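This report concerns only the one structure given below.
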């Protein structure tokens, strides 16, 4: 077993209780229970099966570190709606600002008659994203839309067409972002043909690097530089798009030095570096943005998920000289930067900064990491423990010295956790990674109880 994570200094993690909901696990029926099964039957007649669900319990309430279902079960939340509700579900500050805005107006379209909150969110993104250079931001609806717009801007600004992405990467479900995404099932199968001029490179994946994790960073960086130069031509590349920690691909933290070397190669060749911080942004990894862990300053940053506490919002932030090149009317969208979502985002950012949630993410990692490593020591099916802050994962393999992925065991461990009242998610190119994304406001006793349940799930 190997581990790739930066340990955090000790920071107290106070209990944060959502006053509306008891912060406790409560299992009163089998999961899913009878009411959820009734709703699932209705869903089957109304919603296509292509829209999946990790756990078909139908939620009636949520807050702090719990999700309550239609049968009265209260589950510990280690998913945060895929890193969205980092400040907690129905966060009071978010709810109040959204309520007040809804009473004033719900939409005008920023491209028709603008409003201050959109500008304020962009100002905050310009201030918070890595680098002290002059920046511009604009707002859209989803992470995929943000990535697509970042690529569009990079092509416009550079006059080049080629885009470089990486093995195991995930960037969305639109035509272009499906093309950028590596994993075939379920995201790409049958949906081609795909967009042209997209080229995939090896990622510095320490656990699976052929010559070992100690060689991974420099060897992967050299290989990427060589392949871009020889197979594409660096002068043809508009942008390199990378997740500073891969999300759906398996929470892979690139080997140390890989991201800085990639950034340097891009600078030397006039290539724009796009950091997809959709899942890693807004305190999730123990820094406001994951690029900060190695001091990388991208040319463009895409954000979404944790930005607005569950309301649909995303952003593209970039160097002013790049963003200002696009002609008037070339960027935008009817709902991008909706006023309700903007107010929610301002509340989220205030909560992160005043609530010390960057430190709390580090503390969550400090609590979870030793427990996950202990599982690896006890069970040889745990091949790797990795991540940063409150974005952690374990990769499961066949064991006995094998590194062969074990998606069947991964699904079974997740099922046992769900049955016991712990919501966990899986991911990975091979479907063999358990990922953990607890709300940053989860009370410590729930965090520890969730880890207890995970340990029992491994014991069978």
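Any read-out appearing in this document is the output of simple, stated calculations on the displayed coordinates, not a laboratory observation. As the structure is a prediction and not an experimental result, all values here were calculated from the model. No Cβ is skipped: glycine too gets one built from the backbone with ideal geometry, and neighbour counts run over all protein chains shown.
Quick notes on this structure:
- Measuring r between the beta carbons of residue 28 and residue 230 and using R0 = 60 Å, the FRET efficiency lands at 0.45.
- Computed from the C-beta positions of residue 134 and residue 222 and an R0 of 22 Å, the FRET efficiency is 0.10 to the nearest 0.05.
- Gain upon complete extension [residue 173, residue 39; 0.36 nm per residue less C-alpha separation]: 45.6 nm
- Of the residues 199, 205, the one with the fewest other Cβ atoms within 10 Å heads the list, and the complete ranking is 199, 205.
- Counting only DSSP beta bridges with both residues in the chain, the antiparallel share comes to about 65 percent.
- Put in line by how crowded their Cβ is, counting other Cβ atoms within 10 Å and starting with the fewest, 429, 113, 181, 108 read 113, 108, 429, 181.
- Evaluated at q = 0.07, 0.11, 0.14 Å⁻¹, a Debye calculation over the C-alpha positions of the chain (equal weights, vacuum) places log10 I(q)/I(0) at -0.34, -0.88, -1.45.
- What the Kirkwood sum gives for segment 261-330 is a hydrodynamic radius of 13.3 Å, with every pair of different alpha carbons counted.
- Base-10 log of normalised Debye intensity for segment 378-427 (one unit scatterer per alpha-carbon) at q = 0.16, 0.25, 0.26 Å⁻¹: -0.49, -1.02, -1.06
- Per-residue Cβ neighbour counts within 10 Å put 276, 459 in the sequence 459, 276, beginning with the fewest.
- At R0 = 25 Å, FRET efficiency that the Cβ-Cβ distance of residue 354 and residue 108 yields, to 0.05: 0.30
- Against the rule of thumb 2.2 N^0.38 Å, how large the Cα Rg of segment 95-354 comes out: 1.00
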